[in-house]
Amino acid sequence: MTTPTPGQTVGPFFHYGLAYAGDNDLVPPGSTGAVELSGRVLDGAGNGLQDALVEIWQAGPDGRPPRQQGSLRRDGWTFTGFGRTATSRDGRYVFSTLLPGPTRPGSASFIAVTVFARGLLDRLFTRAYLPDDAAALDGDPLLSTLPAERRRTLIATRGERGYVFDIRLQGADETVFLDFAAR
Amino acid sequence: MSSSPAPALGLEPQSAISAEIVAIEADSQHAGAEENQPRLDYPPYRSSRLRHPHRAPRTVDPETIELWAPCFGARDVDPLDADLTIGHAGEPIGERIIVAGRITDSAGRPVRGQLVEIWQANAAGRYVHLRDQHPAPLDPNFTGAGRCLTDGDGQYRFQTIKPGPYPWRNHRNAWRPAHIHFSLFGTEFSQRLVTQMYFPGDPLFRLDPIFQSITDAKARERLVAAYDHDLTSHEWATGYRWDIVLGGGRRTPLNTEETP
């Protein structure tokens with residue numbers, strides 16, 4: 001096995017390299033089935049990060065990982081499952097997307113989330129679980145092993161146009177971040 | 001714009017940062033554990049103080065979606081996007097370079113047809129970014145962002161301009177070693193990597209808290225490209241080779257072309 005290349009911070013100047021037109025609209029806002037996933041990325045003092053980058057990757061409503069090209073050049077019709085957005089001055093991010101279906105019958109649906117920021121030396125992985133299916137959440141292999149106050153950080157709440165998922169990098173309500181072991 | 005150095009009121013000296021860097025590396029060596037990734041809690045990088053988790057990450061078995069990565073292709077990337085020296089009225093100023101290498105997973109298997117994105121400062125150390133206030137010249141013929149897809153062997157290749165070092169306000173007289181930012185995807189979500197490629201022999205390495213946040217010297221070397229005379233082309237550009245290993249990637253190669 002070869003040792004992986006180390007990560008480094010995305011730095012403050014990623015916008016012109018990584019942002020692109022339509023990056024946060026996996027589907028056109030307001031289109032049939034579109035929901036909003038939004039939230040804030042917050043530091044240990046509770047302040048929003050104005051220079052964070054959030055990416056999401058998710059199954060479609062059928063529960064299957066999309067295998068479609070076109071994330072960088074959206075055509076408004078193809079669901080690619082990938083989105084990216086830089087946070088605004090108050091640390092807010094917004095995606096327009098579809099609800100992911102369960103990948104197995106009865107499993108809890110979630111959106112995989114990656115966070116990058118100036119001041120954050122390597123990316124962080126987490127999951128934004130949808131709150132609607134309580135039985136599925138109770139049976140989830142990750143959530144069921146977490147105490148209630150930690151588990152709460154991984155479950156999006158219902159918002160006006162969809163779901164709200166805040167990401168707290170540090171502190172008492174720090175989001176549970178994930179490691180997939182092989183790295 | 002000013003024609004003289006900026007004041008550094010209230011900023012700590014390099015010596016204070018360097019002393020912390022040296023002490024942390026000594027502790028790390030003493031502990032003896034192999035550290036192949038940057039520390040998220042690395043006080044010499046002042047901006048990390050409120051931005052690193054206090055808790056260790058939770059280890060999980062990846063679920064279906066995490067065993068796959070987004071699919072990019074010819075529809076997303078124009079082959080011309082890999083040449084950062086074109087697309088403007090004239091030639092950019094600076095040292096024209098080729099940066100190329102191979103992307104593999106931990107088992108040495110090539111990462112095929114996947115997206116590579118880069119961004120960087122120009123030859124004077126200035127980014128095309130509103131928040132970059134360094135009073136070095138912008139180059140009207142250089143933006144500094146590019147993309148490509150890896151080929152069937154995992155190879156990527158960019159033509160660009162060698163970036164300059166630039167100052168930042170971590171401490172007094174803080175300078176980043178010249179680098180190119182890289183964003184990479186593997187065949188699985190967990191392989192996602194954003195990092196920086198450096199140039200060999202940079203005298204700023206030992207002074208830079210971002211580079212030094214990787215406390216193991218061998219691991220830091222993995223971010224440094226090698227000058228490659230075979231990549232250098234006659235009367236045109238010098239060449240740097242930088243191979244990248246994306247951790248994870250436990251699916252077998254037979255599965256990579258399967259539909260989920």
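The values are calculated or read from the model by the stated rules, or taken from the named source; none is laboratory data. Everything quoted here is computed from the prediction, not taken from an experiment. Using ideal geometry, Cβ is built from the backbone for each residue, glycine included, and neighbour counts are taken over all protein chains shown. These area figures cover heavy atoms from the full protein model, side chains too; ligands, DNA and RNA do not enter into them. Shrake-Rupley method; radii C 1.70, N 1.55, O 1.52, S 1.80 Å.
Some values worked out for this structure:
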{"quantity": "Count - residues of segment B:40-81 that are more than 7 Å from chain A (Cβ to nearest Cβ), under 19 Å from A:Pro6 (Cα atoms) and open to solvent by 50 Å² or more (accessible area, probe 1.4 Å)", "calculated": "3"}
{"quantity": "All positions within segment A:96-149 that are in a loop (DSSP other than H, G, I, E, B) and among the aliphatic types (A, V, I, L, M)", "calculated": "A:Leu98, A:Leu99, A:Ala108, A:Leu120, A:Leu121, A:Leu130, A:Leu142, A:Leu146"}
{"quantity": "Failed criterion for A:Ser31 (all others in (1) in contact with an Asp or Glu (Cβ under 8 Å, 6 or more places away or on another chain); (2) of a type outside the set (Asp, Glu); (3) surrounded by fewer than 23 Cβ atoms within 10 Å (Cβ to Cβ); (4) farther than 19 Å from B:His181 by Cα hold)", "calculated": "(1)"}
{"quantity": "Residue list for segment B:178-212, filter: in contact with a helix residue (DSSP H, G or I) (Cβ under 8 Å, 6 or more places away or on another chain), buried (at least 16 other Cβ atoms within 10 Å of the Cβ) and farther than 30 Å from A:Gln58 by Cα", "calculated": "B:Tyr198, B:Phe205, B:Leu207, B:Pro209, B:Phe211, B:Gln212"}
{"quantity": "Sole exception among (1) hydroxyl-bearing (Ser, Thr, Tyr); (2) farther than 23 Å from B:Gly94 by Cβ; (3) within 12 Å of chain A (Cβ to nearest Cβ); (4) touching a strand residue (DSSP E or B) at 6+ places or on another chain (Cβ under 9 Å) for B:Thr195, by number", "calculated": "(2)"}
{"quantity": "Tally of residues being closer than 14 Å to A:Thr9 by Cβ and touching a residue at least 60 places away in the same chain (Cβ under 8 Å) across segment B:181-215", "calculated": "9"}
{"quantity": "Sole residue being open to solvent by 10 Å² or more (accessible area, probe 1.4 Å) and at pLDDT below 95, chosen from B:Thr238, B:Thr232, B:Thr256", "calculated": "B:Thr256"}
{"quantity": "A:Glu55 among the acidic types (Asp, Glu) and either without any contact (Cβ under 8 Å) to a residue 60 or more places away in the chain or open to solvent by less than 10 Å² (accessible area, probe 1.4 Å) (or both)", "calculated": "yes"}
